[in-house]
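In what follows, a single structure is set out as structure tokens and then discussed.
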Amino acid sequence: MRNTHKTSVGRTLVFLLIVLGALKYVSDSADDEYNSWFDKGYALAESGQFEQAIESYDKALQIQSNDHAAWNNRSLALFNLGRFKEALESKRRVGRATAQRSRGTLNPPIFNYCER
């Protein structure tokens, strides 16, 4: 009886380690996919392909919907296309507190221009 309990506990621990490893793998995969879309968006924006950059940032945001950097870069791409209201909306999507914090640090021209 006693050995059965140890075996059961041992199997449970092994199972938990497998599950934790799988969760880490899924998390790392999502991070890799996010980074891939974010980096692609950045490269496209740098080359002036703003529509495609927005599409890439949208894909990244499907993975990490509250990522400030992706929302920020998306707003810059929109701004460069002259879509000022969308740029401002994109900037605010991460939440009021984040938008207020970034207002003075990342893209003040967008806010200054769009809020007139």
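The values are calculated or read from the model by the stated rules, or taken from the named source; none is laboratory data. The structure displayed is predicted, hence computed values, not measured ones. We place every Cβ from the backbone using ideal geometry, glycine too, and count neighbours over all the protein chains shown.
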Problem - Qualifying helices (runs of 4 or more DSSP H) (wholly inside the range 31-94; at least 1 residues being touching a Lys or Arg at 6+ places or on another chain (Cβ under 6 Å) and modelled with pLDDT of 95 or more) - result: 50-63
Practice task
Might you let me know whether the range 14-30 holds any residue that is at pLDDT 65 or above, under 18 Å from the mean Cα position of the chain (by Cα) and surrounded by fewer than 16 Cβ atoms within 10 Å (Cβ to Cβ)?
Solution key: yes
